[in-house]
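I have placed the structure first, in the form of C-alpha cells, so that the comments after it can refer back to it.
The values are calculated or read from the model by the stated rules, or taken from the named source; none is laboratory data. This one's a predicted model, so the numbers in the text were calculated from it and none came from an experiment. For neighbour counting, all protein chains shown are included, and Cβ atoms are generated from backbone atoms with ideal geometry for every residue, glycine included.
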Amino acid sequence: MSHVATYLTDLAPGSGRRTPPRSRLRTDAPELSLDGEWDFRWSAAGEPDGEWGTLPVPAHWVLHGLRDGAAPYGRPQYTNVQFPFPIDPPHVPDENPVGDYRRTFDRPDWDTATVLLRLDGVESVYRVALNGTEVGVGKGSRLVQEFDVTDLLVPGPNELTVRVHQWSSMSYVEDQDQWWLPGIFRSVTLLSRPRDGLDDVWLRTGYSDGRGSVDPEITGTFPVTVSIPELGVERRFDAASDVTTVDVGPVEPWTAETPRLYDATVSSPGETVSLRLGFRTVAIEGERFLVNGRPVTFRGMNRHETHPERGRVFAEQARADLLRMKRHNVNAVRTSHYPPHHRVLELCDELGFWVVLENDLETHGFEFVGWRGNPSDDPAWEDVYLDRIARTVERDKNHACVVMWSLGNEAGTGRNLAATAHWVHRRDPERPVHYEGDHTAAYTDVYSRMYPSPAEVAAICADSGEVPGLSAVETQRVRARPFVMCEYAHAMGNGPGALDTYDAQADASPRHHGGFIWEWRDHGILTRTADGTPYYAYGGDFGEVVHDGNFVMDGMVLPDDTPTPGLAEFAAVSAPVVVVARPGSLEITNRYHSVDTAHLRFVAVVEDDGVMREETELAVPSVPAGESATVALPAWKPAPDAETWVTVRAELAADAPWAARGHVVSHAQFAVAQPARPSRPPQQVRRADTAGDAEFDEHTGRLRRLFGLDVDGPRLELWRAPTDNDRGIANDSADRRSSESRWRERGLDRLVHRVVSVDPHGPVVRVRVGAANSARTVDVTYRWTVADEVALQAEIVPSPDWDCTWPRVGVRFDLPPQLRHATWFGTGPRESYPDSTRAALVGRFAADLDELNVRYSRPQETGHRAGLRTVEIGDDTGVRLRLRTVSGPAGRRPGFTLAAHTPHELDRARHPHELPPPTRTHLFVDDAVHGLGSAACGVEVAPEHSLWPGARAFGMVFEAP
Ligand code: GAL
C-alpha cells in the first residue's frame, strides 16, 4: 500500500463535510475569526514530527521569516508554464512539503443550528480535523471552502488541526504563472448558522430605461423581507414560491464610471444579511458587449494577488492599487488567474471597475507533453472542473462589478471546459462566459485572444478575409462575437511599445472591446543578500531547480509601488476623453461608457521655452458619452525668441473618491510656432587647446576638460543594456531570434574604437568603430568648433553591410560623478521611446539621477528623453554644464540620457544591487533610439519605430554655466 494519502492523488474535488458553495455575504450571525498565531511544524517531505513552532494565519510558510534567500520552512519557487515536479499526473513526488497547523479555541456560546468552518484560501490541498476527528479534505487553493463542524464541537476548548500539502493532483490544474506559495494564506473563520437563517441569497439586479429591478433567489427560512431603504423598497415573501422580480423604480445605474451602490438587506426570521446593490444589465447583442445597453471598452489590467512581503495574502495595498489604477485611466480588471480575496470585489463595486472574474484553473504545463493527458479533456477531472467553477461563481455572484465569468487560463481546450461553460450559462444566463483557450469560440460568448499582433487584430475586426489559423466557418463564428484581448502589451521591464496602435484599433471597430494589459504589478519578493542588502527577488533567486527568471517581473508597477513609465503611457493612451488640440481649435471625443464631460474642466497652459506665460480655463460644453465636440481656441501669439507650446488638460473639476480636484485625465499639446532660430555657427575659430574652455588630448582628440570639469568623450555608443523586450523572441519574428541575439552577434556590445586622424584645427577627429572579427564599420567624424561656445557636430557613416537594427546611435560623455542633477527643456517628465511617446510633453523639467532612471528589477535600458533642446547639468553647488542641441532636418533634435552606469554595467547586473558603485556620470546624446516593442511576450518593434543603420549627422553646443 502506498504511504501517500489518497487525497493527494485522487481526482475528487474535496471530501468530507464540505457544504455547497454559496455567496459571500455580510451577516448579523456571529462569527469567530480563527486568524492569528497557530502552532506550526513543517517537513520538507513526509509527516512533520519535529518540534512545534508558530506561524501566523494567514501567511505563506515559505515567506514567513524569509531572509537571505531562505525561510525556516522552505523557499518560494517561481515557474511560468513549467511544472516544478515530474509531469506524472496525478502523482507528485515524495519530496512534498507538509505543514501541520494547530490551534485551540473555545466553543462560542452560540444558539445556533449549524456551525461551519470556513477556509478562504489554502494552497494547495489540506485535511482538516476537529478534536481528532476528520472533518474533510479541501482543495482549490484560491477557492473558499466551508465544512460543517456542528457535531464535532465540544463545550470548552476545541482543537483544530489542518495538514497542508504543497503538491497534489490539484497542482496540475493550478499551474498559473506565479510563485508557488503554500500555506493557509486567507482567513479561517467559524460561522454560526442560525436557526431560521438564510442559506444563500442572490439579488440579481437589472437596469433599463432609468428603472432598476431585483430578481431575488433566496434559500433559507421564510418569510423573507428584501429592503432597499433608500428606494423605499420593502418586499416580504412568505414562501420561496412567492418570490418574484421587484421593480424598484427609478434608480441611478451602476457603471464602472458611476459606481452607484444602494444598501440592501435581506431578513429571515433568524438572520439578516446586507448587500450593496448596483443596478446594471449585461448583454451581448451580436458582436457587441453591452452594459445598460451601451458598449463597453475594457481599458483593463490583469491583476494578480501579489505583495512583496505577504505574497498572495490580502493586504490593504489592494485599495491603494485600485485607486492608482483609477488615476491611470484603468477601467477594468481581469482577476488573473483565480478569484481574488473577496474584499477586492467589494472594492471594485465601490470604486468602479468592470471585472472579468476568473476561475482558479490552469494546466499550462501540459503543453510540454503536447497536451497529452490534459485534465481539461479527461472525463475523470470533470467533477473537479465543475466544482471549481461553481465555487467561483457562487461566491461572487452578487457583485455588480462582475460583468463576465472566465473559465480559467491556459488550460488547453476540451470537454470539461465546455461543461463548465454550460454550467455557467445555466446558472447565470446574464453574464457572458470568457475563456481564451476556446480558440474557435465553440463554447464561449466572446472571442478572446492574448498577445495578438496588430495585424491579427485587424483581421479579426475586418468583415472579410481570413483570420489567421481559423477556417472560414470558424472565422465567421468568431467575427459574430465581441472581441477582447484578455492579455496584450506585456509590461515586462522597459515597455511595452505600441499601446497607441492597439488603442486606435479598439476605437475603430465596434466588434473590438479593448483588452487587459499583462500585467498590473511585478511579483518581486523582498529578501536580502547575505550581507543584508534588501532586494526584490525573482525566479532563480531561491535556488529553484527549474524556474523562469524575471518573467514574473512584468508589471506596470514595480515591487516597491513605483509606477513605471509604461503606466504613464497607458494612462495617456487610455484617456476616457481624447483631446486633440491644434492652433485655433480643440476637439474633444468622449470615450466614457456613459458619463458626459461635465465633471471635467479644460485648461490651456501657454509656455514659452517651458516657462509659463498664462493659464486659461476654456469654455467647453459638456460632451455626452460617445460624442465629439469642437470648440475654438484663442489665437496665442508665438514668443519672439522662444518655442511656444500650448498644453490643454482635461482635469477633474471636483474631488473624486480616487483623485483630487485638478487630477489630469487627459492632455494634448501643440506648438504655436517654432521660430526659425538660425543655428549659431561660431564666428571666430580658435585652436581648441588654447581656448581654455575645452581641452583635448592631442593624440586621441578626445575632450579632457570642459569649462573646468573633468570630462571624457565623445565616444560613439550603439549599445543599450537590452530591455526584457529586446531579449524576447517576438511572436511575429521572422527568424525566431531576439534583437539582443542579433545585436550581440554583430558585436554591438563590444565595439572597439580606432582614431584614424586628429586635425588639431577644430579639432576634427576621425574614428573608425567596429567589433572583433567583423568587417562592418562605423566611421565617425567629431567636428569641433571652439569659440564663445564649444560646438560639436558628429557625423556617422556605417559601412553598407550592417544587417540588423541598432539599439541607439549617439555619443557618450563621462562627467564627474557629483553631477547628478538635470534641468532640461525638452520632453518629459518621464523617459520616452519611439513607440511610447504619448505620455511625454514638451516642457521644462528637473530631476536627479535616481528619478531620471527607472530601477527595473533586472537592470536594463532606461532614461532616454527624446527631443532635447537644452539641459543644464549640475552638482550640489549649482549648474556646472549647459548643453544645447542643434535642430536637424525637420526640426528633429537628439534626446539625452543621464545615468550613473554605462549600458555595459547595466547589462551585466541581474539586480540593481549588483551594479558597481558609480564612478562617473554618463551623459548620452542620442540622435535616435530603437523602439521598445513587446517581444518579451508579443510583437516586435514596428518597422516605423525600428532604428536601422544609416548615415546621419547631429550637433550640440556646450555653454559655460
Ligand atoms: C500568458 C499567461 C500569463 C502570463 C503571460 C506572460 O500566456 O496567461 O499568465 O504568463 O502569458 O507573462
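Residue under question is residue 441, and the condition is that it be touching a residue at least 24 places away in the same chain (Cβ under 8 Å) and either hydroxyl-bearing (Ser, Thr, Tyr) or in a loop (DSSP other than H, G, I, E, B) (or both); does it hold? Here the answer is yes, as residue 441 does meet what is asked. For residue 409, the criteria (1) within 16 Å of the ligand (Cβ to nearest atom); (2) modelled with pLDDT under 95 hold in every case but one, which is (2). Confirm whether residue 594 is among the polar types (S, T, N, Q) and loosely packed, with under 13 Cβ neighbours inside 10 Å. Spelling it out, it is not the case that residue 594 is among the polar types (S, T, N, Q) and loosely packed, with under 13 Cβ neighbours inside 10 Å.
Tallying residues that are within 16 Å of the ligand (Cβ to nearest atom) and touching a Leu at 6+ places or on another chain (Cβ under 8 Å) within segment 52-84 yields 0.
With respect to residue 495, determine if the residue is more than 24 Å from residue 309 (Cβ to Cβ) and within 16 Å of the ligand (Cβ to nearest atom). Yes, satisfied. In segment 279-293, which residue that is out of contact with any His (no Cβ under 9 Å at 6 or more places or on another chain) and on the phi > 0 side of the Ramachandran plot is surrounded by the most Cβ atoms within 10 Å (Cβ to Cβ)? Restricting to residues being out of contact with any His (no Cβ under 9 Å at 6 or more places or on another chain) and on the phi > 0 side of the Ramachandran plot, the top hit is 293. When we screen 721, 730, 794 for residues that are under 27 Å from residue 862 (Cβ atoms) and part of a strand (DSSP E or B), the only hit is 794. Residues in segment 186-209 that are in a strand (DSSP E or B) and either charged (D, E, K, R) or free of Cβ contacts under 8 Å to residues at least 40 places away in the same chain (or both): 193, 199, 200, 204. For the residues 51, 47, the requirement of being without any contact (Cβ under 8 Å) to a residue 40 or more places away in the chain, surrounded by fewer than 19 Cβ atoms within 10 Å (Cβ to Cβ) and among the charged types (D, E, K, R) singles out 51. Flag set for residue 606, criterion: modelled with pLDDT of 95 or more and closer than 23 Å to residue 572 by Cβ. In segment 913-931, the count of residues that are in a helix (DSSP H, G or I), under 25 Å from the mean Cα position of the chain (by Cα), touching a residue at least 60 places away in the same chain (Cβ under 8 Å) and not assigned by TED's automatic domain parsing to the domain that holds residue 560 is one or more. Among the residues of segment 691-724, those identified as touching a strand residue (DSSP E or B) at 6+ places or on another chain (Cβ under 8 Å) and closer than 30 Å to residue 938 by Cα are 717, 718, 719, 720.
Checked against the criteria, residue 386 does not count as of a type outside the set (D, E, K, R), surrounded by fewer than 23 Cβ atoms within 10 Å (Cβ to Cβ) and closer than 30 Å to residue 651 by Cβ. When the residues of segment 367-393 are filtered to those that are part of a helix (DSSP H, G or I) and of a type in the set (Phe, Trp, Tyr), the one that is farthest from the ligand (Cβ to nearest atom) is 381. The sole residue among 844, 855, 838, 808 that is within 26 Å of residue 733 (Cβ to Cβ) and either over 33 Å from the mean Cα position of the chain (by Cα) or surrounded by fewer than 21 Cβ atoms within 10 Å (Cβ to Cβ) (or both) is 838.
Test residue 364 against the stated conditions and say whether it is touching a residue at least 24 places away in the same chain (Cβ under 8 Å), within 16 Å of the ligand (Cβ to nearest atom) and not hydroxyl-bearing (Ser, Thr, Tyr). Yes: the conditions hold for residue 364. Selection within segment 782-803: residues that are buried (at least 18 other Cβ atoms within 10 Å of the Cβ) and of a type in the set (S, T, N, Q). The member of this set that is nearest to residue 747 (Cα to Cα) is 793. Number of residues in segment 733-761 that are in a loop (DSSP other than H, G, I, E, B) and either of a type in the set (Asp, Glu) or touching a residue at least 40 places away in the same chain (Cβ under 8 Å) (or both) equals 8.
Restricting segment 708-737 to residues that are polar (S, T, N, Q) and surrounded by 21 or more Cβ atoms within 10 Å (Cβ to Cβ), the residue that is nearest to residue 770 (Cα to Cα) is 723.
Kindly indicate the residue of segment 138-153 that is among the aliphatic types (A, V, I, L, M) and under 25 Å from residue 76 (Cβ atoms) and also farthest from the ligand (Cβ to nearest atom) among those meeting that condition.
144
Within segment 247-258, residues that are at positive phi sit with their Cβ atoms under 9 Å from residues that are small (Gly, Ala, Ser) and surrounded by fewer than 24 Cβ atoms within 10 Å (Cβ to Cβ), at 6+ positions apart or across chains, in these pairs: 249/232.
The residues in segment 154-185 that are more than 16 Å from the ligand (Cβ to nearest atom) and assigned to a strand (DSSP E or B) can be counted, and the count is 11. Would you kindly identify the strands (runs of 3 or more DSSP E) lying entirely within segment 625-677 that contain at least 2 residues that are more than 25 Å from residue 825 (Cβ to Cβ) and more than 27 Å from the chain's Cα centre (by Cα)? Those strands (runs of 3 or more DSSP E) span 628-632.
Restricting the first residue to segment 534-555 and requiring it to be closer than 14 Å to residue 857 by Cα, which pairs with a second residue that is of a type in the set (A, V, I, L, M, F, W, C) and within 11 Å of the ligand (Cβ to nearest atom) meet a Cβ separation below 6 Å and a spacing of at least six or different chains? Matching pairs, first to second residue: 538/552; 538/553; 539/552; 554/491; 554/492; 555/491.
Condition check ((1) within 14 Å of the ligand (Cβ to nearest atom); (2) small (Gly, Ala, Ser); (3) at pLDDT 95 or above; (4) within 10 Å of the chain's Cα centre (by Cα)) across all residues:
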residue	(1), (2), (3), (4)
485	yes, no, yes, no
490	yes, no, yes, yes
505	no, no, yes, no
538	yes, no, yes, no
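Quick check on segment 882-902. Is at least one of its residues touching a His at 6+ places or on another chain (Cβ under 8 Å) and surrounded by fewer than 23 Cβ atoms within 10 Å (Cβ to Cβ)? Checked segment 882-902: at least one residue is touching a His at 6+ places or on another chain (Cβ under 8 Å) and surrounded by fewer than 23 Cβ atoms within 10 Å (Cβ to Cβ). Restricting 449, 431, 528, 521 to residues that are surrounded by fewer than 24 Cβ atoms within 10 Å (Cβ to Cβ) and within 16 Å of the ligand (Cβ to nearest atom) narrows the list to 449. The sole residue among 593, 513 that is in a loop (DSSP other than H, G, I, E, B) and either within 16 Å of the ligand (Cβ to nearest atom) or touching a Phe, Trp or Tyr at 6+ places or on another chain (Cβ under 9 Å) (or both) is 593.
Residues that are within 16 Å of the ligand (Cβ to nearest atom) and either without any contact (Cβ under 8 Å) to a residue 24 or more places away in the chain or under 13 Å from residue 352 (Cα atoms) (or both) within segment 299-333 comprise 300, 333, listed in sequence order.
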